[in-house]
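Please treat every number below as a calculation from the coordinates, not as lab data. Every value quoted in this text rests on a predicted model; they were computed, and no experiment measured them. Backbone-built Cβ (ideal geometry, glycine too); neighbour counts: all protein chains shown.
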Amino acid sequence: EYLPASGFLETDVSYANDRITPSAEFERVTILGAQELDTFTYSMALENVLHPRVRSRLGVRLIDTTARQNRLAADGSLNVALGERWVGRLNVGWAHEKPVFDSFLTGVSFDYEMSERLILNLFGRFYHDTGEIQNSLPANNAPPGLNGYQAGAGFRYQWDRSALKLVGGPYFSRYEPITSAAPFFEGLYASRDWGFVQIAYSLDF
């Protein structure tokens, strides 16, 4: 807390170990012959109260994974109290990994306090990437570039120690043309229209 009640710095270091499942069809271990992947993630975030009605957060991450280039990522958010009952949130994110991977995401949401316990939520999100660069099989099965579009609406009801949330809406995935010479992956990365529903219940002990 570098500024009393208004400026916060957070740092994290994490480690993950993943065992790779061999490919049954090609009878070999995936990910360039590696049997395990070790991932170290280093992150730092700044959170600031810019105004009694405005709060911001900015984070950066460095991700180091076996047999891959380091991935650098950043994300930011801005929460604004638009009125006594309205809250708006803006989120953006970016990532880059050499030689050719880039991604970008943005989203906006609005919460409206219909009563002391009932909150209405509306949101929209957009995601873009240039396609993953790591093949896990001998054939080129890396996904092509992707654009994703999501919108939704929902409610959250708050009790004294618990809350119930219901959200739903459409999601659209749009892949770029496949350049792989392996035709059996064409159906895997086909553009699709989805619908989603999420129900969540939380309880504080």
Based on the Cβ-Cβ distance of residue 104 and residue 41, what FRET efficiency does E = 1/(1 + (r/R0)^6) give at R0 = 22 Å, to the nearest 0.05?
0.65
Report the full-extension gain for the segment residue 62 to residue 174: residue separation times 0.36 nm, less the Cα-Cα distance, to one decimal in nm.
37.5 nm
Highest mean packing first, using Cβ neighbours within 10 angstrom, the peptides 109-115, 143-149 sort as 143-149, 109-115
The FRET efficiency for residue 163 and residue 11, from their Cβ-Cβ distance with R0 = 41 Å and rounded to 0.05, is 0.85
Less than 17 Å from a label point 7 Å out along the Cα-to-Cβ axis of residue 90: which backbone N atoms in region 43-59 qualify, by residue?
48-59
So if we plug the beta-carbon distance of residue 113 and residue 205 into 1/(1 + (r/R0)^6) with R0 = 22 Å, what FRET efficiency do we get, rounded to 0.05?
0.30
Given points 7 Å out from each Cα along the Cα-Cβ axis, report the residue 191 to residue 120 separation in nanometres with one decimal.
3.2 nm
